[in-house]
Amino acid sequence: MKATQAPRSGREGLSVSVVVYRPDLQLLMSTLAGLAAAGQRLRAGRPGLPITLYLVDNGGLPDVQAAAAELEQHGVATTIIAGHGNVGYGRGHNLAIERTDSRYHLILNPDIDLAPDALCKALDFFDAHTEAGLMTPWIGDEHGHQLFLCRRYPALLDLFARGFLPASLRQWFSRRLARYEMRDRINARDVVWDPPIVSGCFMMFRTDVLKQLAGFDARYFLYFEDYDLSLRAHELTRVVYTPSVRVVHHGGGAARKGYAHIRMFVASAYKFYNRFGWKWL
């Protein structure tokens, strides 16, 4: 039975985990600068609130000492977790989740730019809606266009058409892809409760909920770990799309990243469907 009230605890503060593997330095620096600005705005309204960044190095982390110093100046304590090798996206975040004792935890991609008020609005929403345990924001691209990253449960055809077909052929599937991407419900204005699946590029949890879920399922190396975590979260709490919280995502799909990513995508999709049920068409 789904919980209607998120667990309460005496924990305070916000923790953030960012997992990197050979990151794009410019995008990572932009993400950290945005986090510093949003953290400063948050602490201005909530003096003394502890904010901790866990930067998880799966390999190839460049020198970020200057960015870490800027974060510290804005009240964001920074811990680098390294030496474990490339353990995958979900397991990397789990290394931070295991360490944190915050009230809220943000899972963040290293290619996300936060609006300056994003953290303030996220915590304000959590304060006003104690039933919410997992939040996803309005996500846009660098041109200001909304990205529809909330999802209904995918059929294999949806994944293939969206991820691998060229635009000239994808248009033949536009109606079913629009349904998969919840374009009938997701917009820039309205709060939407309980979207089935939300994107792992920004997942803000009540930490107690995330701890009960034991973080990500480590069986996924890359891809579908956010689908899995989203579906399991519904068993404990309510998931909410909150468009007043805004971020920009500079990501790309598996097919545009080469054969190795396609192989990982297919392997993770197989694990996902084996766990939650196959849906072909």
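I'd like to check something: does region 20-36 contain any residue that is assigned to a strand (DSSP E or B) and either surrounded by fewer than 19 Cβ atoms within 10 Å (Cβ to Cβ) or not acidic (Asp, Glu) (or both)? I'd like the intermediate steps shown before the answer.
Of the residues in region 20-36, the ones assigned to a strand (DSSP E or B) are 20.
This time we only want the ones that are either surrounded by fewer than 19 Cβ atoms within 10 Å (Cβ to Cβ) or not acidic (Asp, Glu) (or both), so: 20.
Among the residues of region 20-36, at least one is assigned to a strand (DSSP E or B) and either surrounded by fewer than 19 Cβ atoms within 10 Å (Cβ to Cβ) or not acidic (Asp, Glu) (or both), which makes the answer yes.
Output the residue which, of all residues in region 232-254 that are small (Gly, Ala, Ser) and at pLDDT below 95, is surrounded by the most Cβ atoms within 10 Å (Cβ to Cβ).
Going through region 232-254, the residues small (Gly, Ala, Ser) turn out to be 233, 244, 251-254.
Right, trim to at pLDDT below 95 and you get 251-254.
Numbers: GLY251: 16, GLY252: 10, GLY253: 12, ALA254: 21.
Looking at the filtered set, the residue picked out is ALA254.
Could you say whether any residue in region 64-75 is under 21 Å from the mean Cα position of the chain (by Cα) and surrounded by 20 or more Cβ atoms within 10 Å (Cβ to Cβ)?
The answer is yes, given that some residue of region 64-75 is under 21 Å from the mean Cα position of the chain (by Cα) and surrounded by 20 or more Cβ atoms within 10 Å (Cβ to Cβ).
Conditions first: (1) at pLDDT 95 or above; (2) part of a loop (DSSP other than H, G, I, E, B). ASP226 passes all but one, so which condition is the exception?
(2)
Pull out all pairs, ordered by first then second residue, where Cβ-Cβ is under 8 Å, the residues are six or more apart or on different chains, the first lies in region 260-272 and is farther than 18 Å from ALA155 by Cα, and the second is surrounded by fewer than 17 Cβ atoms within 10 Å (Cβ to Cβ).
Close Cβ pairs (under 8 Å, with a partner that is surrounded by fewer than 17 Cβ atoms within 10 Å (Cβ to Cβ)) amount to HIS261/ALA255.
The values are calculated or read from the model by the stated rules, or taken from the named source; none is laboratory data. From a predicted model like this one, the values you see are computed outputs, not experimental measurements. Positions of Cβ are backbone-derived with ideal geometry, glycine not excepted, and every protein chain shown enters the neighbour counts.
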